[in-house]
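The values are calculated or read from the model by the stated rules, or taken from the named source; none is laboratory data. This one's a predicted model, so the numbers in the text were calculated from it and none came from an experiment. Neighbour counts are summed over all protein chains in view; Cβ atoms, including those assigned to glycine, are modelled from backbone coordinates with ideal geometry. Protein only, heavy atoms only, side chains kept; ligands, DNA and RNA dropped before computing areas. Shrake-Rupley method; radii C 1.70, N 1.55, O 1.52, S 1.80 Å.
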Amino acid sequence: MKKLLAAGIIGLLTVSFASPSFAAEKQADTNVAVLFDGSGSMVQKTGGERKIDIAKKSVKSFAELLPKDTNLMLRVFGHAGNNKLSGKALSCSTTETIYGLHPYEGSLFDNSLSEIKPTGWTPIAKALSDTRKEFEAFDADGKNVVYLITDGEETCGGDPAAEIAKLREANVDTIVNIIGFNFDVKGNEEMKQAAVAGGGEYISANSADEFEQAWEKEAQKFTE
């Protein structure tokens with residue numbers, strides 16, 4: 001009798017844990033990917049400070065505010081080659097994950113940020129494509145939030161809007177936000193359309209204060 005009772009309890013537990021209601025209670029991962037523009041124009045100054053330095057400081061503050069169980073990725077583009085024709089092929093074919101998808105660790109993240117040296121062209125579409133492939137390899141089936149930082153348009157012939165659509169097709173719970181830094185009117189409009197395609201929003205920052213405030217607001221969304 002005891003053996004039958006024990007078997008019944010084990011069977012009940014097995015059914016309970018395998019049931020859809022139990023699966024729905026499981027917390028899915030939140031994966032945040034920051035795509036960082038390391039192109040040559042990021043060395044330009046706004047308000048007396050280099051855009052690259054403002055961006056690094058803001059992204060670091062954002063990362064520190066994320067919930068501790070959030071997976072974070074930092075991918076840089078535009079950091080290879082140079083911004084002349086001689087360096088275009090290398091620059092346009094290179095994006096690199098310098099902080100792999102896992103929770104924030106201060107010193108490691110700081111070291112990754114310090115590696116970014118602005119130099120080349122702006123392969124936004126490739127950065128988005130490589131991010132999609134990395135999400136797929138990681139089996140990132142939770143909530144995926146992508147932040148694209150850039151101060152310029154795609155300069156490598158890619159189609160950012162098309163790559164954003166592919167990201168969304170790969171996982172319906174993926175949104176792409178774009179934070180534009182010192183964009184012109186034409187660039188603003190193109191980035192707005194791309195952000196809409198990504199189910200996210202386009203934030204235009206024209207000063208260091210606006211850029212920093214944008215990241216603070218985004219970080220707050222993860223704790224609401």
### Cα→Cβ-extended label distance, 7 Å offset, between ASP53 and ASN171, nm
3.5
## Note on the structure
The correct ranking of THR174, THR30, THR223 by accessible area at 1.4 Å, largest first, is THR223, THR30, THR174
### Message
If DNA, RNA and ligands are ignored and the probe is 1.4 Å, what is the ranking of TYR99, TYR104 by accessible area, most exposed first?
### Response
TYR104, TYR99
### Query
How big is the antiparallel share of DSSP beta bridges in the chain, given as a percent to the nearest 5?
20
### Message
Order TRP121, TRP215 by their accessible area, 1.4 angstrom probe, all chains in place, largest first.
### Response
TRP121, TRP215
### Task
Counting only heavy atoms of the protein chains, get the accessible area per residue of the chain (1.4 Å probe) and round it to a whole Å² value.
51
### Message
Using a 1.4 Å probe on the protein heavy atoms only, what accessible surface does HIS102 show? Give it in Å² to the nearest 10.
### Response
60
### Message
Need the full-extension length gain, PHE138 to SER86, defined as separation in residues times 0.36 nm minus the C-alpha distance. One decimal, nm.
### Response
15.3 nm
### Theoretical gain in end-to-end length, ASN111 to THR223 [0.36 nm per residue, Cα-Cα removed]
37.7 nm
### Summary
Quick shape check on the chain: root eigenvalues a ≥ b ≥ c of the Cα gyration tensor, a/c under 1.5 is rounded, otherwise prolate if a/b tops b/c, else oblate, and it reads prolate
## Note on the structure
Dividing the mean separation of Cα pairs under 8 Å (6+ apart) by the residue count of the chain yields a relative contact order in percent of 22
### Message
Once neighbouring chains are kept in place and the probe is 1.4 Å, which whole percent of the accessible area of region 83-165 is contributed by carbon and sulfur?
### Response
52
### Query
Can you give the calculated 222 nm mean residue ellipticity of the chain, where each DSSP H run of n ≥ 4 adds -39,500 (n - 2.57) and the sum is split over every residue, rounded to the nearest 500 deg cm²/dmol?
-15000 deg cm²/dmol
### Contour excess over end-to-end distance, with Cα ends at GLN213 and GLU96 and 0.36 nm allotted per residue
39.4 nm
### Task
Pop a pseudo-label 7 angstrom from the Cα along the beta-carbon direction at both LYS68 and ASN188 and give the gap in nm to one decimal.
4.2
### Prolate/oblate/rounded label for region 78-129 (Cα gyration tensor, a/c 1.5)
oblate
### Query
For region 118-224, rounded, prolate or oblate, judged on the Cα gyration tensor with a ≥ b ≥ c (square roots of eigenvalues), a/c < 1.5 rounded, else prolate if a/b > b/c?
oblate
